[in-house]
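Novice: Here it is: the structure, laid out below.
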Amino acid sequence: MKKELPDILSDLIYKDFLGALTEKERQELAALIKRYPIAAADRAVLRARMEEEEPFNAREAYLEFVRRTRRRIILRRLRNAAAIALLIGCGGMAWWFYQPATPVKAPVEMATVQPILPGSSKAVITLSNGERIELENLNRQLQESNGTRIEAANGSLIYSDTTQSQETLYNEIAIPRGGEFHLTMADGTQVWLNADTRLKYPVNFNGKTREVFLQGEAYFEVAPNAEQPFLVNTTRGCIQVLGTAFNVRDYAEEKKVVTVLESGKVRYTTAGKQQESRELRPGFLLEDVEGQHLHARQVNTRLYTEWRNGKYIFENASVEEIMSTLQRWYNIDVIYTDEKVKQLHFTGDLERYETFDVFLHFMETGGDIRFQIKDNIVIVNKK
Amino acid sequence: MDTGKDFLKDIYDKKPEAWKQLYLRYYTPLCHYARKILNDNEEAEDIVQRTFINLWEKPILFDNESLLRLYLYRAVNNNSLQFLRDKDREDKRLREWAFFTDTTEDAYASLNNMVMEEVCRKLNKLIDAMPPKRREVIRLSMKDMSNEEIAEAMGVTIHAVKKHKKEAYNYIRDELGADLILLFILAKTPPPAGLIQI
């Protein structure tokens, strides 16, 4: 049985608390805690939680559940009985008046289902003094401490640097799940930021290089300037640019950095001791996967970059890949009832701003897959 | 720990015994989880009860219990946030939660809480399966009480406390398998346990 991440973590921490980890498990737990800051791994915190008085009573709750569900069954039976009685009554009268009876529909208990909407412009910006500002369709002017003006309007942020300040200040922009944003930096470089993404960048450019730090997915159109190379740092490696357009995707869960070049030239260099470096030509994709060598291949770049033009293109993509992209954009949770269903493949072209059921409908008609939506969770079943 | 496919099928078929088990296993941890978001015991219980009833009304057949568990925690998470959202759009707690569990800063808040509740659930299950006296010794020793203090609180001898601890240790060793024995023999003394210090 394949275990989900919370299960893997809780099993290891449970054993650790009992002093029963093997050496291999201890290493596994240490590696996981490095990636996920888990409070329960701290024995003192866990001990405090275990000592709390227990205010909840599962047995009583179960009895309440039985009462509530039983009442529903009885109610439904009563309603049905009433409906039949009414039909018979109406039928009798119809016979009498020679008129057809109005059929009585059994009341259906409908859960309120809200449509799942696509993402929209959303971001939080952190200024160099640590101040955080939420930007949702907000038009406003901000100013950095060195005088740089920042204009926020209609889902985009524009920096204009008129100062000659020597000190380099950094801002950070965070896009939540279900968000997107557009950024024009002080050097004229444009960045389209996708959902669940974070970018740290200089407010003004006066160093030898222009350096930014990315987690998540972004499309860059870098303003050419041979004197100041542009560097995009990801969690695995660094992309060096001389003036070009490319897409970078580095989501923690995917454990890889994917760079796709549309025009110009970039060089990707891995971080760490055993450095690897590759130059990329337009139309190529470069993958830096955990535990593997760099790998480049020619692709249809639109598959990777069209999101910024409001389109998703999937070409023979697995359900798991498609869902991991849609999850961020629609801010939904996905649970599979079966492991095999993840490996079904789909090809298609979809509008990014459609509501979610359009996607689901497309996939349901195209393959052996069924979706259920409950408690804001998309449950994926085999047909 | 998991009872496999029959349990999942029985949940799907609405068998009362399976549903009772589902409550006994997950009701309390889910309430604690919801309380962290809602900061209110009664609201937490309502949300969890509603989540169970939602599942009962339209059951889902899961392939393994890990997926069912994940579903329950996610559902309680979403229903709690939805509840806050309905209550007050400008609610400060919601902004702290909904937004920053979404952004990368505290993206692991819900994972964190689920892991915490799951570890506690497993520990409680283990402890609750012990005989009453032994269970009390373990609960008290978790409060960092010394053998003397425990003996006094329970009105038994220190020797009895040590005996209960030893039995608890053997029991846990049996529950968790042979790894612990190996550690025990190699170290000549019990491993540094967070739960029991003999």
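The values are calculated or read from the model by the stated rules, or taken from the named source; none is laboratory data. All figures in this text were calculated on a predicted structure; none of them were measured in a lab. Note that each Cβ is placed from the backbone with ideal geometry, even for glycine, and that neighbours are counted across all protein chains shown.
One line per residue, one yes/no per condition, for (1) at pLDDT 85 or above; (2) within 14 Å of chain A (Cβ to nearest Cβ):
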site: B:ALA109; (1), (2): no, yes
site: B:MET114; (1), (2): yes, yes
site: B:GLU117; (1), (2): yes, yes
site: B:LYS122; (1), (2): yes, yes
site: B:ARG139; (1), (2): no, yes
site: B:GLU152; (1), (2): yes, no
site: B:VAL161; (1), (2): yes, no
site: B:ALA168; (1), (2): no, yes
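Novice: crowded, with 17+ Cβ neighbours inside 10 Å and either in contact with a Ser or Thr (Cβ under 8 Å, 6 or more places away or on another chain) or at negative phi (or both): which single residue out of B:ASN77, B:ASN41, B:ASN54 fits that description? Can you show your working first?
Specialist: Details: B:ASN41 fails: crowded, with 17+ Cβ neighbours inside 10 Å; B:ASN54 fails: crowded, with 17+ Cβ neighbours inside 10 Å.
Exactly one residue qualifies, and that residue is B:ASN77.
Novice: Okay, moving on. Just to be sure, is A:GLU321 among the charged types (D, E, K, R) and assigned by TED's automatic domain parsing to the domain that holds A:ALA252?
Specialist: When the stated conditions are applied, A:GLU321 does not pass them.
Novice: So which pairs qualify, if the first residue must be in region B:155-174 and within 15 Å of A:GLY19 (Cβ to Cβ), the second must be surrounded by 14 or more Cβ atoms within 10 Å (Cβ to Cβ) and polar (S, T, N, Q), the Cβ gap must be under 9 Å, and the two must be at least 6 apart or on different chains?
Specialist: Filtered contacts from region B:155-174: B:LYS165/B:SER141; B:LYS165/B:ASN147; B:LYS165/B:GLN197; B:ALA168/B:SER141.
Novice: Could you tell me whether B:PHE62 is at the interface with another protein chain (Cβ under 8 Å from one of its Cβ atoms), within 26 Å of B:ASP128 (Cβ to Cβ) and at pLDDT below 90?
Specialist: Values: at the interface with another protein chain (Cβ under 8 Å from one of its Cβ atoms): yes; within 26 Å of B:ASP128 (Cβ to Cβ): yes; at pLDDT below 90: yes.
Yes: the conditions hold for B:PHE62.
Novice: Tell me the residue from B:LEU22, B:LEU30, B:LEU72, B:LEU68 that is at pLDDT 90 or above, more than 7 Å from chain A (Cβ to nearest Cβ) and farther than 17 Å from A:PHE56 by Cβ, please.
Specialist: Numbers: B:LEU22 fails: farther than 17 Å from A:PHE56 by Cβ; B:LEU30 fails: farther than 17 Å from A:PHE56 by Cβ; B:LEU72 fails: farther than 17 Å from A:PHE56 by Cβ.
Just one listed residue meets the conditions, B:LEU68.
Novice: Sticking with this one: Hey, any hits in region A:128-143 for a residue that's buried (at least 19 other Cβ atoms within 10 Å of the Cβ) and either touching a Gly at 6+ places or on another chain (Cβ under 6 Å) or under 25 Å from A:ASN225 (Cβ atoms) (or both)? Before the answer, list the steps.
Specialist: Pass one, region A:128-143, residues buried (at least 19 other Cβ atoms within 10 Å of the Cβ): A:135.
From the residues that got through so far, the ones that are either touching a Gly at 6+ places or on another chain (Cβ under 6 Å) or under 25 Å from A:ASN225 (Cβ atoms) (or both) too are none.
Checked region A:128-143: no residue is buried (at least 19 other Cβ atoms within 10 Å of the Cβ) and either touching a Gly at 6+ places or on another chain (Cβ under 6 Å) or under 25 Å from A:ASN225 (Cβ atoms) (or both).
Novice: Here's something else I'd like to know. Which one of these is in contact (Cβ under 8 Å) with a residue 12 or more places away in the chain, of a type in the set (A, V, I, L, M) and surrounded by 15 or more Cβ atoms within 10 Å (Cβ to Cβ): A:LEU32, A:LEU21? So that I can check it myself, show each step before the final result.
Specialist: Details: A:LEU21 fails: in contact (Cβ under 8 Å) with a residue 12 or more places away in the chain.
That would be A:LEU32, the only listed residue that is in contact (Cβ under 8 Å) with a residue 12 or more places away in the chain, of a type in the set (A, V, I, L, M) and surrounded by 15 or more Cβ atoms within 10 Å (Cβ to Cβ).
Novice: I've got another one for you. Restricted to region A:1-18, and to residues that are among the hydrophobic types (A, V, I, L, M, F, W, C) and surrounded by 15 or more Cβ atoms within 10 Å (Cβ to Cβ), which residue is nearest to the chain's Cα centre (by Cα)? Even if it seems obvious, please write down each step before you answer.
Specialist: Of region A:1-18, the ones among the hydrophobic types (A, V, I, L, M, F, W, C) are A:1, A:5, A:8-9, A:12-13, A:17-18.
If we keep only those that are surrounded by 15 or more Cβ atoms within 10 Å (Cβ to Cβ) too, we end up with A:5, A:8-9, A:12-13, A:17-18.
Values: A:LEU5: 17, A:ILE8: 22, A:LEU9: 21, A:LEU12: 27, A:ILE13: 27, A:PHE17: 33, A:LEU18: 35 Å.
Restricting to residues being among the hydrophobic types (A, V, I, L, M, F, W, C) and surrounded by 15 or more Cβ atoms within 10 Å (Cβ to Cβ), the top hit is A:LEU5.
Novice: Would you pick out the residues in region A:220-265 that are among the acidic types (Asp, Glu) and assigned to a loop (DSSP other than H, G, I, E, B)? Step through it out loud before you land on a result.
Specialist: First pass over region A:220-265, keeping only residues among the acidic types (Asp, Glu): A:221, A:227, A:250, A:253-254, A:262.
Selection gives A:GLU227 alone.
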